[in-house]
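J.: First, the structure itself, so that you have it in front of you.
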Number of protein chains: 2
Amino acid sequence: MTTRRKSARPAAPKGDLLLRGRIWIESSAGGMALTDAGVDLLEQIDALGSLSEAARRLHFSYRRAWMLIDAMNHRFAAPLVTTAVGGKRGGGTRVTELGRLVIRTYRDVQVRLEHLLGEESAAFRRINRSTS
Amino acid sequence: MTTRRKSARPAAPKGDLLLRGRIWIESSAGGMALTDAGVDLLEQIDALGSLSEAARRLHFSYRRAWMLIDAMNHRFAAPLVTTAVGGKRGGGTRVTELGRLVIRTYRDVQVRLEHLLGEESAAFRRINRSTS
């Protein structure tokens, strides 16, 4: 009796392989401290000076934006975003110095990650071609 | 009139910050080609020679395990796993040479990612302490 080996499904048009990745920051006390969405929001607040305008620009609900800010302010040692109360122009939301440092560091890590993924994507494509 | 700035919530016990990340492989033709769960499964199949035993060991349903294998076999250029049909012992699932190369490369990328995350976690903790 012979043994035949086959794959579960016949060959189909194959796409290219893409190695992807993402990062985030958790608090050891539990919960997410920062995600890609949070950093996008920080950048927009820094550019626009307004939480509601930043949320609108990113198509986030105000509630979602507020919760992202609340989580990061709560989980970092000091707030990343502060809100002005009172004053002639009222409202106004700004990113703190810590917030700006966090944005810069997070973006740096993303650049390093993209570099790593680019290199290793090539490795996967190479071995994928070598054995097809 | 004075302007007062405050954060959305008063200070609470802060945990340490942990930078986390994960990787996966997509097909440019659409769909997931490989995830952490898929690599765990490949390793268990390689060790046990059986899809159902590998699934049991990882507490995956047989259906989930089968779908992971089907997706990777379908999206890589050649199968990562083959199933023997017939023969005295019947069944039997094995990881191909390509499958082994994929496991090794994926684990290498994870090691590089963990190294990056470790370094940059330290950076986040440093700036977090410096401004608290």
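J.: From B:9, B:5, B:22, which residue is assigned to a strand (DSSP E or B), modelled with pLDDT under 95 and closer than 30 Å to residue A:77 by Cα?
T.: Only one candidate qualifies: B:5.
J.: Something else about it: Hey, can you tell me all the residues within segment B:43-68 that are touching a Gly at 6+ places or on another chain (Cβ under 8 Å) and within 14 Å of chain A (Cβ to nearest Cβ)?
T.: Correct list: B:49, B:68.
J.: Can you pull out every residue in segment B:32-51 that is within 8 Å of the chain's Cα centre (by Cα), among the aliphatic types (A, V, I, L, M) and surrounded by fewer than 21 Cβ atoms within 10 Å (Cβ to Cβ)?
T.: Across segment B:32-51, the qualifying residue is only B:37.
J.: Another question, if that's okay. Can you pull out the residues in segment B:18-46 that are small (Gly, Ala, Ser), closer than 28 Å to residue B:119 by Cβ and in contact with a strand residue (DSSP E or B) (Cβ under 6 Å, 6 or more places away or on another chain)?
T.: B:21 - this is the single residue of segment B:18-46 that is small (Gly, Ala, Ser), closer than 28 Å to residue B:119 by Cβ and in contact with a strand residue (DSSP E or B) (Cβ under 6 Å, 6 or more places away or on another chain).
The values are calculated or read from the model by the stated rules, or taken from the named source; none is laboratory data. Predicted, not measured: the structure shown is a model, and the values here were computed from it. Don't worry about glycine lacking a Cβ; one is built from the backbone with ideal geometry, like all the others, and counts go over all protein chains shown.
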